[in-house]
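Written out below as structure tokens is the structure these notes cover.
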Amino acid sequence: MRHSGFYAHLPMDLSINGRTRTLPDDAVDPAMPLLWVLRDVLALTGTKFGCGVQACGACTVHIDGAAVRSCGMPLAAVGAKAVTTIEALGSTERPHALQTAWIAHQVPQCGYCQSGMLMAAAALLAKNPNPNDADIDAAITNICRCGTYPRIREAIKSAATQLRAGAAPKHGAKP
């Protein structure tokens, strides 16, 4: 898809997971949702498509540290803001405390919503290192069709305890 008007010959630079990524002019349109840029242009497929109307949260990423549903976020609205995807939350060698807690509390069943759920939880813990049930319920509005909400809540509390104790890398930390 080609850009029209002013954008016709300008490649776009985005900050994705701490790196500047240049998007070729012929690959994106400023109106394209960030989700499709991540998945189809940059091959970062950890962020999932769920509903396309910003309701389910499977597409949650961080933009300047805030949890945002990328399926409805036009690329032009991202601009110079820092985007963080599930690929940068942790690594196999050094998983984020949330990823460790997710496994310990057996949160995943089908697993489809997990990347968005983890990103929403990471944004919550970055703002509130000791959330209670009400805080978690207010911040985690993602949909899990498997219904693992009680385990999600417990995993978030467990990860919060680990992070407060300094037992795991903080969000965005590189191994």
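The values are calculated or read from the model by the stated rules, or taken from the named source; none is laboratory data. Because the structure is a prediction, the values reported are computed rather than measured. Note: ideal-geometry Cβ built from the backbone for every residue, glycine included; neighbour counts use all protein chains shown.
Some observations on this one:
- Of ILE63, ILE103, all but one fail to be touching a helix residue (DSSP H, G or I) at 6+ places or on another chain (Cβ under 9 Å), over 25 Å from MET32 (Cβ atoms) and either assigned by TED's automatic domain parsing to the domain that holds TYR149 or surrounded by 15 or more Cβ atoms within 10 Å (Cβ to Cβ) (or both); the exception is ILE103.
- Summed over region 24-42, the residues that are in a helix (DSSP H, G or I) and surrounded by 19 or more Cβ atoms within 10 Å (Cβ to Cβ) give a count of 5.
- When residues in region 97-123 are screened for being within 18 Å of ILE136 (Cα to Cα) and within 16 Å of the chain's Cα centre (by Cα), 15 of them pass.
- Helices (runs of 4 or more DSSP H) (entirely within region 67-135) containing at least 1 residues that are in contact with a strand residue (DSSP E or B) (Cβ under 6 Å, 6 or more places away or on another chain): 114-127
- Test: residue in region 88-104 that is within 21 Å of LEU14 (Cβ to Cβ), touching a residue at least 24 places away in the same chain (Cβ under 8 Å) and out of contact with any Ser or Thr (no Cβ under 8 Å at 6 or more places or on another chain): yes
- Residues of region 129-156 satisfying the condition of being modelled with pLDDT of 95 or more and surrounded by 19 or more Cβ atoms within 10 Å (Cβ to Cβ): PRO131, ILE136, ILE140, ASN142, ARG151, ILE152, ARG153, ALA155, ILE156
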